[in-house]
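What follows is a single structure, written as structure tokens, with notes after it.
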Amino acid sequence: MRKTGGSDLPRSPRRQCAPVAVLSVLLLATLLATGCRTYRDQSASMRDAWVRGDFTRAAEQFEKRADKKDDGRDGVIWHLEAGASLRTLGKYAESNAEFDQAAAQIEEYERKARVRVSNEVGSTFSNQQNRPYEGRSYDKIMLHTYKALNYLALGQVEQARPELIRAYQRQQDAVAENARRIEKARDAEASSPDQVQIERARRDPQLQARLDALNRPLEGFQFYADYVNPFTVYLDGLYFRHAAGGGADLERARKSLARVIETAGGNPAVTQDLREAEQGAAPERVTYVILENGRAASLNQERIDIPIIVADVSYVGAAFPKLEFHPDHLANLRVEAGGNTYTTVPLASMDAIVALDFKNEWPAILTRTLISAVAKGAAAYAVNTTARQANDLGGLLARIGTAIAQAAVNIADTRSWSTLPKEWQVVRLPTPADRVLTLRTPDGRAQRVNLVDGRVNVVYVRAVTSSGPLVIGQFRFR
């Protein structure tokens, strides 16, 4: 005889589905949330150490993260950070090893365009940070610039030549790369099934007002044309004038120095170098003091609701990247030598380079973000419609879970090379007879430098903040 106890009663299909729905939603929300920390959050401890002047700790953490993420979508950015921080410690060979790994991954992405296509699909339904970080134009230029400087610091002068040539090529490639980036975003929008809603959102005046406010810090910059990095071009000019030989090298030096003045203005050191190059005059004993100063603009995020009406969606929004600038840097360095005082003068702004790259990429960022927001909104609508029809606890939790999942994946791509400088300054002076310099900061701190033997010397100073330590390195062109 069948018992009528509750444990033996047949369960309704709806009641059987509820635990499954609950578990599925919770699992989905957990998985989405665990993979959705921004790069800014992931790198916070390293950046804090960097700003405090604890370069050893920053380098150790960057290097450890680069080793862990080597084959992942963030491998390039971690290797770039590790390379720059190791360079600050004077570990030039180790720094170049990190840059080599970043360069190899960048070239692999460039060879395999299909990798980018497959990851675009995944990022549409998750977040833009799930796209592989392939390196921005200025990353690629600075990677080879730093490698050249590392070789010079190691005394391997000839090895710097191909790196400077590669940096020049990267600047030439940047314009075409940006055009392809914008065209790709336009193609993605044109093929989207939600094109009408994307266009409606783009034209919304409230959204436009928020986005205009987001990008207002970009106003007022004097941008350099065609992705030129004046510091890289200046280093090219110095190298081919002082460390190379032959008429072709000297002509290259002249053109590079002229290009710096054309793009960044008449810095006194550059003007004097160009005048001597045009006259064919060999310099007497000369010393350059180069200040790599402050912190480059970095990316944060701001969440903005997208004004797209998709019925019954609990959460429709988007996270947009925004540039943040870091004003704490040295006004200049005073250099005391041979009874005279000289002052470094601005040469190139990395902030302007980063800002121009961001401005040029913005149409693609906006398009990708709108496509993703609309697609996720439509998907949420489908889930919520099905869950509402269930009309039980499982359905309710599914709808709540949808909102959680939407919020979890709503993060912007904040990956940017945070150990780059804000600017470079330079001063040129006759090498004093006693070969001793005193570097003095605006707040009165002084540091003595004994120049290495050489006819053309370079003192390279890294200052991350106005009150932090000065990291001083030297090399010679001849």
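Among all the lysines, which ones have a C-alpha under 24 Å from Lys68's C-alpha, if same-chain residues fewer than 8 places away are not counted?
Within reach: Lys91, Lys112, Lys140, Lys147.
Arranged by the count of other C-beta atoms within 10 angstrom, fewest first, what order do His144, His329, His79 take?
Final ranking by Cβ density, sparse to dense: His329, His144, His79.
What's the local net charge at Val335, with K and R +1, D and E -1, over the other residues with C-beta under 12 Å away?
+3
So how do Lys64, Lys422 line up by other beta-carbon neighbours within 10 Å, fewest first?
Going from sparsest to densest Cβ surroundings: Lys64, Lys422.
In whole Hz, what ³J(HN,Hα) sequence does segment 429-443 give by Karplus (6.51, -1.76, 1.60; θ = phi - 60°), x for Gly and Pro?
Along segment 429-443, the couplings run 8, x, 5, x, 4, 7, 6, 10, 10, 10, 9, 10, 7, x, 8 Hz.
Could you work out the local net charge near Tyr224, counting Lys and Arg as +1, Asp and Glu as -1, over the other residues with Cβ closer than 13 Å to its Cβ?
Once positives and negatives cancel, what remains is -3.
So what is the relative contact order for segment 155-251, in percent, with contacts set as C-alpha pairs under 8 Å and at least six apart?
43 percent
Tell me the net charge near Val51. Cut-off is 14 Å between Cβ atoms, Val51 excluded, with +1 for each Lys or Arg and -1 for each Asp or Glu.
Residues near Val51 contribute +2 overall.
What residue among Phe221, Thr263, Ala277 has its Cα farthest toward the positive end of the dipole of segment 196-300, where the charges are +1 on Lys, Arg and -1 on Asp, Glu, each on the Cβ?
Of the listed residues, the answer is Phe221.
By counting other Cβ atoms within 10 Å of each Cβ, how are Leu238, Leu274, Leu80 ranked from fewest to most?
Leu274, Leu238, Leu80
Where a number appears in this text, it was derived from the coordinates with a stated rule and is not lab data. The structure displayed is predicted, hence computed values, not measured ones. Reconstructed Cβ throughout: ideal geometry from the backbone, glycine too, with neighbour counts over all protein chains shown.
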